[in-house]
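Working notes, structure below.
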Amino acid sequence: MLMAESGPGQVVHAGGPDTRPGRTHLALDAQAEYELFARLRSLAEGRTAVFISHRFSTVRKADRIFLFHEGRLAEQGTHSELMRLAGRYAELFTLQASAYVD
């Protein structure tokens, strides 16, 4: 599937249905968000899928993570690899996770 944004809230796609949640997941409670991303992972099984997210609970489950900073690819790897690297990804993950632990 090829997708490109043509403007806010508009998506042009070819080769399959647009299963992209857009920004609708921003209004979901924690349970509904978990179920949404579980369903998306299920739909993507055996296929290439691109998830763009700032939520590390979703990002960490990706087979490969690409972190862009200031418009450039800054880091790439699995969650474990990026945490061991102790770079920007690890910094941001730790910052976001700190809101959930004492």
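Brief remarks on what is shown
- In order along region 54-71, phi translates into HN-Hα couplings of 9, 8, 5, 5, 8, 4, 4, 8, 6, 5, 9, 10, 10, 9, 9, 9, 6, x Hz, rounded to whole numbers, per the Karplus curve 6.51 cos²θ - 1.76 cosθ + 1.60 with θ = phi - 60° and x for Gly and Pro.
- Global form of region 53-102, assessed from the alpha-carbon gyration tensor, a/c cut-off 1.5: prolate
- Once backbone amide H atoms are built at 1.01 Å from N, A74 has L67, F68, H69 as its partners under 5 Å, excluding neighbours fewer than 5 places away on the same chain.
- HN-Hα J in Hz across region 76-83 - Karplus 6.51, -1.76, 1.60, θ = phi - 60°, x for Gly and Pro: 8, x, 7, 4, 4, 4, 5, 5
- Under a model in which nothing but the beta-carbon of Lys, Arg (+1) and Asp, Glu (-1) is charged, region 53-102 shows a dipole of about 140 debye around its Cα centre.
- Footprinting exposure proxy ranking of I52, I65, fewest other C-beta atoms within 10 angstrom first, gives I52, I65.
Every number in this text was worked out from the coordinates using simple rules, so none of it is lab data. What you see is a predicted model; the values in this text were computed from it and never measured. All Cβ positions, glycine included, derive from the backbone under ideal geometry; neighbour counts span all protein chains shown.
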